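Derivation of every value follows stated rules applied to the coordinates shown; laboratory data play no part. As the structure is a prediction and not an experimental result, all values here were calculated from the model. All Cβ positions, glycine included, derive from the backbone under ideal geometry; neighbour counts span all protein chains shown.
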Amino acid sequence: MRRTAHVKLVNDYFTANEIARVNASAVETRNLVIHAIWSAKEASLKAWHKGLRVDTRAVEIALAPFERAPAEWMLFQIRCGGADFVPPLQGWWRVQGDFVLTLAANLHTLPDTTELLPEACLVTHAPVRHAHTPHRIGHTPHHAAHHEN
């Protein structure tokens with residue numbers, strides 16, 4: 001991975017498995033993998049009402065392999081390291097235009113069909129094509145503090 005602001009984001013906020021996933025990604029999809037994992041982490045933490053007040057490495061995101069940006073909803077796995085992270089969640093992600101869309105929802109309250117769920121419950125998004133400004137992922141004070149460093 002090149003020495004960029006993305007390297008700092010990945011090394012500071014991703015788990016060892018997530019870092020390995022990023023490093024194993026093709027150069028063409030690496031930026032997308034980073035944004036998808038970060039956005040999925042945020043969606044999960046927001047679904048648990050934790051936000052970025054907790055260490056983002058307490059949540060691990062596992063993306064299935066892909067060759068190009070998915071236009072259809074794809075599942076991602078959410079693993080957590082603590083009893084404070086309940087109920088169990090399921091995640092979905094896709095790319096729409098220049099954005100990664102992610103969703104995390106309570107597994108116990110999912111409807112019989114998930115066809116309507118992702119469209120109704122967008123949780124967070126991250127710009128895909130702004131490799132030079134990775135911290136524009138969100139507009140919270142948390143992100144602004146990183147951008148200033």
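Using a simple spin-label model with points 7 Å from Cα along the Cα→Cβ vector, what separation in nm is obtained for Thr4 and Val86?
4.1 nm
Kindly put Trp48, Trp93, Trp38 in sequence by how many other C-beta atoms sit within 10 Å of each C-beta, fewest to most.
Ascending Cβ contact count within 10 Å gives the list Trp48, Trp38, Trp93.
Working out 0.36 nm times the residue gap between Val54 and Arg79, then minus their Cα-Cα distance, what length gain in nm do you get to one decimal?
Length difference between fully extended and current span is 7.5 nm.
Residue-wise, which Karplus ³J(HN,Hα) couplings in Hz belong to the stretch 54-70, taking 6.51 cos²θ - 1.76 cosθ + 1.60, θ = phi - 60°, and x for glycine or proline?
For the stretch 54-70, the Karplus curve yields 10, 5, 5, 7, 6, 10, 10, 9, 10, 8, 5, x, 8, 9, 8, 4, x Hz.
Report, by chain and number, residues whose modeled amide H sits under 5 Å from the one on Gln96, excluding near sequence neighbours (fewer than 5 apart, same chain).
Counting only residues 5 or more places away or on other chains, the set is Leu101.
Using θ = phi - 60° and the Karplus form 6.51 cos²θ - 1.76 cosθ + 1.60, what ³J(HN,Hα) does each residue of the stretch 16-21 get, whole Hz, x for Gly and Pro?
4, 5, 5, 4, 4, 4
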